[in-house]
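Q: The structure is given below, and queries will be raised subsequently.
The values are calculated or read from the model by the stated rules, or taken from the named source; none is laboratory data. Computed from a predicted structure; not experimentally measured. Methodologically, a virtual Cβ is constructed for each residue, glycine included, from the backbone with ideal geometry; neighbour enumeration extends over all protein chains shown. Only protein heavy atoms, including side chains, enter the accessible area calculation; ligands, DNA and RNA are left aside. Shrake-Rupley method; radii C 1.70, N 1.55, O 1.52, S 1.80 Å.
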Amino acid sequence: MHLFIFNKNILTLTILVLGLSNICNAQELEKRLQHLLDSTYQANQDAIGIMIHVESPNKNISWTSAAGFSNKETKEKIDKDQPLLIASNTKTYVSAAILKLVEQRELELNQPIKKLIYRKTKKRLKRNCYDVNKIAIKHLLSHTSGITDYVNDDYFEFIDKNPSHKWTRDKQINLAMELANPIQAGKTFAYGDINYLLLSEIIERKTGKPFYLSVRDLLNFKKHNLNTTWFIDLEDKPKNTLPLTHQYSDKNKWDSYNLNPTWDLFGGGGLASNTKDLALFFQLLFEGKIIENKNILSQIYTYVIPKEQSKNYCLGLYHFPSFFGNKAYYHGGWWGTDVIYLPELNTTISAFTLLKEKRGLNAEISHKIIKLLNRL
């Protein structure tokens, strides 16, 4: 009896020591992360602002920070919890919503889109020689549909000259049809927002609700406390949410505040979020807490055509066999927003740089963070 009590006390003491050791390790790592962020910003102040979140439950880390300014004109200091436009990172959310409908047996990935999109859209596709019997959901998700995109140099030139123009999904689909140059589905990768506009129609037709509300419900933002994530211009900004940061492109001479957000809104982009919410979404997704069926979830990082031909793109994200030596699932957004999940470390890193042309810092910082995590 006394031996049992002694052994139990030793076990309790061991657990306590290990717990304290993990806390100390985590605190030390956070100091190093902060030093990494600060030193990177000091060497790259033209980036305007850099925002980071690291979610690594196995390392006892959930860390958010930021350096720089949210507005380069007023020099307003950036807040680590500020949201911004995550642009094409939205595609992963749309893909997950589609896979949730697959999990609910409402859709199948090999299903042709013929009976899934709106009738007027189907007519426009057929009129422009697209075979809606051979284009499947998986082709839209993987950008292998063969449908010509509307986002090109002329599109950017129009936005530049008409920054306040209010777009609709129908206008953008019509523009894509004007440029139609059909390619056989399932043969060629060509990244295009048009694919995700059509997916948003499929979500609406299956749920009977606007796609942005359906994405929120299907992915259960409320349950998962994704309280700083919303579709800009389509939903009200959540209560107690900080103002959006400004985002910049030197090449285009753009400030995100000066553009009507509808130019990138209807599924190909559109979400606003902060680094923590984006990282948590990826972490929850790949931990199987959003899509519970492992076989269905695995489709999101399965190549539809060989990875060399698809540039590593799967269903709404990139699957890199090696990102600085680690398997990684990744997506980025036009403005300079990046998020990456590392399954071998069970870790997500989201990194935002407010000047688009400095987004290379996101990969640089992420690489250094991975090296720090591997040492812990």
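Q: For the chain, with the dipole built from +1 on Lys and Arg beta-carbon atoms and -1 on Asp and Glu ones, taken about the Cα centre, which of T348, S62, L116 lies farthest toward the positive end?
A: L116
Q: OK, next. Need one number: nm distance between label points at S298 and S62, each 7 Å from Cα along Cα→Cβ, rounded to one decimal.
A: My value for the distance between the label points is 2.9 nm.
Q: Considering only C-alpha atoms, what is the centroid distance from region 98-118 to region 277-309, in Å?
A: Cα centroid of region 98-118 versus Cα centroid of region 277-309: 17 Å apart.
Q: Could you give me the ³J(HN,Hα) list for region 283-291, computed from phi with Karplus coefficients 6.51, -1.76, 1.60 and θ = phi - 60°, whole Hz, x at Gly and Pro?
A: Result, ordered by residue: 4, 4, 4, 7, 7, x, 9, 10, 9 Hz.
Q: Also, I was wondering about something else. Would you kindly state how much longer the chain becomes between K187 and F158 on full extension, computed as 0.36 nm times their sequence separation minus their alpha carbon distance, in nm to one decimal?
A: Extra length available between K187 and F158 comes to 7.3 nm.
Q: I need the GluC sites (Glu not before Pro) found in region 271-330, filtered to DSSP loop residues with at most 12 other beta carbons within 10 Å of theirs.
A: E292
Q: Any chance you could run the full-extension gain for D38 through E364? It's 0.36 nm times the residue separation minus the Cα-Cα distance, nm to one decimal. All intermediate terms of the calculation are to be shown ahead of the outcome.
A: Details: separation 326, 0.36 × 326 = 117.36 nm, distance 1.35 nm.
Length difference between fully extended and current span is 116.0 nm.
Q: For a bin width of 5 Å, list the pair-distance distribution of region 157-228 built from all Cα-Cα distances, rounded to whole %.
A: Per 5 Å bin, starting at zero, the Cα-Cα P(r) for region 157-228 comes out as 3, 12, 16, 18, 17, 16, 12, 5, 1 percent.
Q: If R₀ is 25 angstrom, what is the calculated FRET efficiency for the pair N252 and K166, using the beta carbon separation as r and rounding to 0.05? Walk me through the numbers before you get to the answer.
A: Details: r = 19 Å, r/R0 = 0.77.
According to the calculation, E is roughly 0.85.
Q: Next question. Can you give me the three principal axis dimensions of region 23-95 from its C-alpha atoms, in Å, biggest first?
A: Principal-axis extents of the Cα atoms in region 23-95, largest first: 40, 37, 18 Å.
Q: Follow-up question, since we're still on this one. Throw me the Rg/Rh for the chain, computed over C-alpha atoms with Kirkwood Rh, two decimals.
A: The Rg/Rh ratio comes out at 1.01.
Q: Computed FRET efficiency, Cβ-Cβ of Q309 and L179, R0 25 Å: what is it to the nearest 0.05?
A: Between Q309 and L179 the formula returns 0.65.
Q: Sticking with this one: How large is the accessible surface per residue of the chain, computed with a 1.4 Å probe and reported in Å² as a whole number?
A: For the chain, the solvent-accessible area averages 47 Å² per residue.
Q: Kindly state, to the nearest 0.05, the FRET efficiency for N220 paired with K120, given R0 = 25 Å and r defined as their beta-carbon distance.
A: After rounding to 0.05, the efficiency reads 0.20.
Q: Pairs K222/K371; K123/K161; K209/K239; K120/K253; K120/K276; K91/K237: which exceed 28 Å Cα-Cα?
A: Working: K222/K371 34 Å; K123/K161 31 Å; K209/K239 23 Å; K120/K253 37 Å; K120/K276 39 Å; K91/K237 20 Å.
Pairs exceeding the cut-off: K222/K371; K123/K161; K120/K253; K120/K276.
Q: Using the alpha-carbon centroid of each, what span in Å lies between region 189-220 and region 77-93?
A: Cα centroid of region 189-220 versus Cα centroid of region 77-93: 19 Å apart.
Q: Determine, for each peptide in 354-361, 27-34, the mean count of other beta carbons within 10 angstrom over its residues, then list the peptides with the highest first.
A: 354-361, 27-34
Q: For region 142-205, give the percent of accessible area contributed by carbon and sulfur heavy atoms, probe 1.4 Å, rounded to a whole number.
A: About 47 percent, which is the carbon plus sulfur part of the accessible surface.
Q: Pop out the ³J(HN,Hα) list for region 140-152 in order, Karplus 6.51 cos²θ - 1.76 cosθ + 1.60 with θ = phi - 60°, rounded to Hz; leave Gly and Pro as x.
A: Listing the rounded values in order: 5, 4, 9, 6, 10, 6, x, 8, 5, 7, 9, 7, 8 Hz.
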